[in-house]
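Notes to accompany the following structure.
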Amino acid sequence: MRTIDFSPLYRSVVGFDRLADLLDSATADGAAGGYPPYNIERTDENAYRIDIAVAGFKADELTIEVKENLLTVQGRKAANEEAKRYLYRGLAERGFERRFQLADYVVVTDAQLADGLLSISLRRELPEALKPRKVEISTAKSDNLIEGKAA
């Protein structure tokens with residue numbers, strides 16, 4: 001059992017509460033466990049894709065929400081009115097909620113459901129002010145300095 005208590009951080013630092021919250025949530029055991037399984041893939045330098053196995057869910061039973069750098073994917077099965085008699089039930093039809101903490105300036109660009117996989121495309125879009133820019137270096141010509149002193 002590995003339990004780390006980050007509460008001393010709250011009383012000794014100011015302004016780092018978000019970092020402590022992230023550490024807390026990263027070490028906490030997820031209530032959802034391993035369901036549904038997912039992959040996170042880096043498709044480009046600034047592009048990512050999350051693939052979540054959602055076999056048996058329809059598009060209208062899934063919701064994707066982004067709020068304050070937190071991507072939440074929920075699946076809720078519609079109530080099934082007809083009673084089924086299973087001999088073996090291996091497909092989970094329970095609801096789920098998966099949360100992904102996104103870095104700053106990462107936005108969801110697309111979501112597609114195909115072949116039981118929900119693919120969510122993400123892209124890091126830096127504002128123009130944060131992008132690196134090249135600064136031109138100007139040089140003073142020695143001729144101008146000499147002429148300026150002579151005049």
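Table for the structure above
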{"quantity": "Candidates Ala103, Ala83, Ala114 - the one that is exposed (fewer than 10 other Cβ atoms within 10 Å of the Cβ) and within 24 Å of Asp21 (Cα to Cα)", "calculated": "Ala103"}
{"quantity": "Matching residues, the range 50-77, being among the basic types (Lys, Arg) and either modelled with pLDDT of 90 or more or assigned to a strand (DSSP E or B) (or both)", "calculated": "Lys58, Lys67, Arg76"}
{"quantity": "Qualifying positions in the range 86-98 - part of a strand (DSSP E or B) and loosely packed, with under 15 Cβ neighbours inside 10 Å", "calculated": "Glu97"}
{"quantity": "Given (1) among the polar types (S, T, N, Q); (2) outside any strand (DSSP E or B); (3) modelled with pLDDT of 95 or more, number of the condition Asn80 does not satisfy", "calculated": "(3)"}
{"quantity": "Complete set of residues in the range 90-133 that are of a type in the set (D, E, K, R) and more than 25 Å from Thr63 (Cα to Cα)", "calculated": "Glu128, Lys131, Arg133"}
{"quantity": "Matching residues in the range 38-80 - criterion: being open to solvent by less than 70 Å² (accessible area, probe 1.4 Å) and aromatic (Phe, Trp, Tyr)", "calculated": "Tyr48, Phe57"}
{"quantity": "Flag for Leu23 being at pLDDT below 80, under 30 Å from Leu130 (Cβ atoms) and more than 14 Å from the chain's Cα centre (by Cα)", "calculated": "yes"}
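The values are calculated or read from the model by the stated rules, or taken from the named source; none is laboratory data. Predicted, not measured: the structure shown is a model, and the values here were computed from it. All Cβ positions, even for glycine, are placed from backbone atoms using ideal geometry, and neighbour counts span all protein chains on display. Ligands, DNA and RNA are excluded from the accessible area calculation, which covers all protein heavy atoms including side chains. Shrake-Rupley method; radii C 1.70, N 1.55, O 1.52, S 1.80 Å.
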